[in-house]
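These notes concern the structure reproduced below.
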Amino acid sequence: MNPLFLIPVALLIAGVCFMIYMNKKHKAVKTEIDLDAERTRYDVYKKELLADDFSQLKTWMKDKPIEAFTTGSIPQSLANKIQEMATEGLKNVALSTVGLKLKNLETDCFWVLSGNDLHFFITNALGALEEHIVFDHFRIEEAKMQYAGVLKQHLGVYLKTSEEYLPQIHRLTFQIDGDTLSLEVHDRLSYVPDPTDILNLKKQFLTRAKYQVVGEKFVEIVQDKFPNLKIV
């Protein structure tokens, strides 16, 4: 037998063994994280993330207070709606003014609650701020919120085992001059593991927990401030 033939076979076996090892380690580390205990550290985690991983929000808010924050997204249905409006000559001027700012579906978006205003930030492909839309309390008091399931759009192919890490979303719908504008709120901050932490599963799980604790609190805090957003 040609010894060169054994090389790819050995690599395949090594790869399979490594995957089995990582799956076992994944399950073991996961059991070490008590999410309920992590939730008691919300204030600490919020402060940490604003000082480090999401410090750009403080810059964008220009020292305005940040009561809660999370990531969000622009639904594909809205992009289609804006396109239809453009085709029809943008008949609703108020909606089109806001809608045209929501043209980028693929980049990160953020929600920030500050006082009685909701701020929606849209970034470009480099993560820099591209658009900043403010919904004041008059808009919010006329808005509605509903649960909309797991976010799967724009994420491509994913493993079934990773579905638990996909954000649950709530759809926040505003009334603008008789028309509606819906945007998505995520129950966790967007997390992409640092390549240097790819084998450090404990750090990955702790970071995911921190991102979830801070993100999921956003809806609760907003609904407490604006009871009309509570889901009945």
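On the stretch given as the stretch 114-153, residues that are closer than 19 Å to Val222 by Cα and of a type in the set (Val, Ile, Thr) total 3. Of all the criteria given as (1) at pLDDT 90 or above; (2) under 21 Å from Met61 (Cβ atoms); (3) under 17 Å from the mean Cα position of the chain (by Cα), the one not satisfied by Gln146 is (2). Residue pairs whose Cβ atoms lie under 6 Å apart, separated by 6 or more positions or on different chains, with the first residue in the stretch 188-201 and modelled with pLDDT of 70 or more and the second in a loop (DSSP other than H, G, I, E, B) and of a type outside the set (Asp, Glu), are Arg188/Pro167.
Comparison of Val29, Val44 shows that the only residue that is modelled with pLDDT of 95 or more and either assigned to a helix (DSSP H, G or I) or open to solvent by less than 70 Å² (accessible area, probe 1.4 Å) (or both) is Val44. For the stretch 223-232, check the following and say yes or no: at least one residue is modelled with pLDDT of 95 or more, charged (D, E, K, R) and not in a loop (DSSP other than H, G, I, E, B). Checking the stretch 223-232: at least one residue is modelled with pLDDT of 95 or more, charged (D, E, K, R) and not in a loop (DSSP other than H, G, I, E, B).
Checking the conditions here, which among Ala79, Ala68 is in contact with a Leu (Cβ under 8 Å, 6 or more places away or on another chain), at pLDDT below 90 and open to solvent by less than 90 Å² (accessible area, probe 1.4 Å)?
Ala79
The values are calculated or read from the model by the stated rules, or taken from the named source; none is laboratory data. Just so you know, these numbers come straight off a predicted model, no measurement behind them. Positions of Cβ are backbone-derived with ideal geometry, glycine not excepted, and every protein chain shown enters the neighbour counts. Calculation scope for accessible area: heavy atoms of the full protein, side chains included, ligands and nucleic acids excluded. Shrake-Rupley method; radii C 1.70, N 1.55, O 1.52, S 1.80 Å.
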